[in-house]
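Participant: What follows is a structure written as structure tokens; I'll ask about it next.
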Amino acid sequence: MPSNAELLAIALNVARRAGEVARQRRADGVEVAATKSSLVDIVTQADREAENLIRSAISAARPNDGFLGEESGGGEGTSGLTWVVDPIDGTVNYFYGIPSYAVSVAVVEGDPDPLTWRTLAGAVVNPVNGEIYTASAGGGAHLNGERLRVKESTDLELALVGTGFGYDAQVREKQARILVELIGKVRDVRRIGAASLDLCNVAAGRLDAYYERGLNPWDHAAGALIAREAGATVGGLGDAPASAALIVAAQPGLYAQLDPLIQAAFADWVL
Ligand code: IPD
Ligand code: CA
């Protein structure tokens, strides 16, 4: 079994290389290659190229591991480890030239299901500003090599809270209604457009909290570990771990104030 540090080195290496491809392709000009779950859910050639690079590099380094990627889907392994990959998180930002997108690479132990997996290592790379977030289970979280720690817990009314919206218009409307219940109780809200970076922003103290419903496993696998290793509390719906149903990440004291409000707001929304 490789150490978490060895796994992190692989995650970091492939995420950096894929980030460089994405940045270069963006400079060359981006076009939508296809739409997915809805007309606004897009994939570019760069998403595919970045994921292919990551997938082949990982299969060369770790041939017995499984793979779960946003663009190329899953592939079972025999080692008990699976790489969970978002080649470009924040694809719409990428398409519009907003410099908040990232490559997210994590490796998990167990079934590739956020409700049961254990994340061993993860890297989130923003190739535009060169910020590299890393974490390994029990090894702490780092930004460009500097140890990350969440800020002291903020009071709810002073909390800057990040969130996101899905690609389905009806889901987005429900998410907006939930936001209406929360926005008057906190300092303000940010919708940055890349879940992996939202979670890293909690780790780095640039957001006090973040929540979202509807994330895919690759959106949060690496970022949730980075937030947790920086000292944030990360949870899901009710007592369950973070999953598509809900992810909430916050400074521990703030989590205790915010999470009950978020749980109550989502209680009427039957999945
Ligand atoms: C999306 C982003 C966005 C979040 C969406 C995700 P993508 O991922 O992380 O911030 O609100 O739920 O689907 O499509 O840009 O990889
Ligand atoms: Ca994503």
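Quick note: the coordinates plus some simple rules give every number you see, no bench work behind them. Treat the numbers as computed from the prediction; the structure is a model and nothing was measured. No Cβ is skipped: glycine too gets one built from the backbone with ideal geometry, and neighbour counts run over all protein chains shown.
Participant: Could you check which residue among Asp219, Asp65, Asp28 shows the biggest mean-square fluctuation in a GNM of the chain with a 10 Å Cα cutoff?
Facilitator: Asp28
Participant: Here is a follow-up. With an 8 Å Cα cut-off and a minimum separation of 6 or more residues, compute the relative contact order for the chain in percent.
Facilitator: On the way: 638 pairs, mean separation 45.5, N = 271.
Relative contact order for the chain comes out at 17 percent.
Participant: Which percent of the Cα-Cα distances in region 4-147 go past 23 Å?
Facilitator: Everything past 23 Å amounts to 33 percent.
Participant: What percent antiparallel are the DSSP beta bridges of region 4-147, to the nearest 5?
Facilitator: The antiparallel fraction comes to roughly 90 percent.
Participant: Taking the chain as the reference, fit the longest principal axis to its C-alpha atoms, fit the long axis of helix 45-61 to the helix C-alpha atoms, and give the angle between the two in degrees, 0 to 90, nearest 10.
Facilitator: The angle comes out at about 70 degrees.
Participant: Angle, helix 4-28 long axis vs. longest principal axis of the chain, Cα atoms, 0 to 90°, nearest 10?
Facilitator: It works out to around 90 degrees.
Participant: Quick one: of the DSSP bridges fully inside region 156-266, what percent are antiparallel, nearest 5?
Facilitator: Taking every DSSP beta bridge within region 156-266, about 55 percent pair in antiparallel fashion.
Participant: Now for a separate question. Equivalent ellipsoid semi-axes for the chain, as square roots of 5 times the alpha carbon gyration tensor eigenvalues: give them largest first, rounded to whole Å.
Facilitator: Result for the chain: semi-axes of 27, 21, 18 Å.
Participant: Using helices alone, I'd like the mean residue ellipticity at 222 nm for the chain: each DSSP H run of four-plus residues gives -39500 (n - 2.57), total over residue count, nearest 500.
Facilitator: On the way: 7 runs with 101 residues, N = 271.
Computed mean residue ellipticity for the chain: -12000 deg cm²/dmol.
Participant: Report, for the chain, the % of DSSP beta bridges that are antiparallel, rounded to 5.
Facilitator: The antiparallel fraction comes to roughly 80 percent.
Participant: Need one word for region 86-137: rounded, prolate or oblate. Basis is the Cα gyration tensor (sqrt eigenvalues a ≥ b ≥ c); a/c below 1.5 gives rounded, then a/b vs b/c decides.
Facilitator: Taking the square roots of the gyration eigenvalues as a ≥ b ≥ c, region 86-137 is oblate.
Participant: Using alpha-carbon positions, what is the distance between the centroids of region 126-150 and region 212-271, in Å?
Facilitator: Taking the Cα centre of each part, region 126-150 and region 212-271 sit 20 Å apart.
Participant: Further question: Counting other beta carbons within 10 Å of each residue's own, what order do Phe67, Phe165 fall into, fewest first?
Facilitator: Details: Phe67 22, Phe165 18.
By the 10 Å Cβ count, ascending, the order reads Phe165, Phe67.
Participant: DSSP loop (so not H, G, I, E, B), at most 15 other Cβ within 10 Å: list which GluC sites (Glu not before Pro) in region 98-197 pass both filters. Can you show the working numbers first?
Facilitator: Numbers: sites: Glu109, Glu131, Glu146, Glu152, Glu157, Glu173, Glu181; in loops: Glu152.
Here the sparse-neighbourhood loop sites are Glu152.
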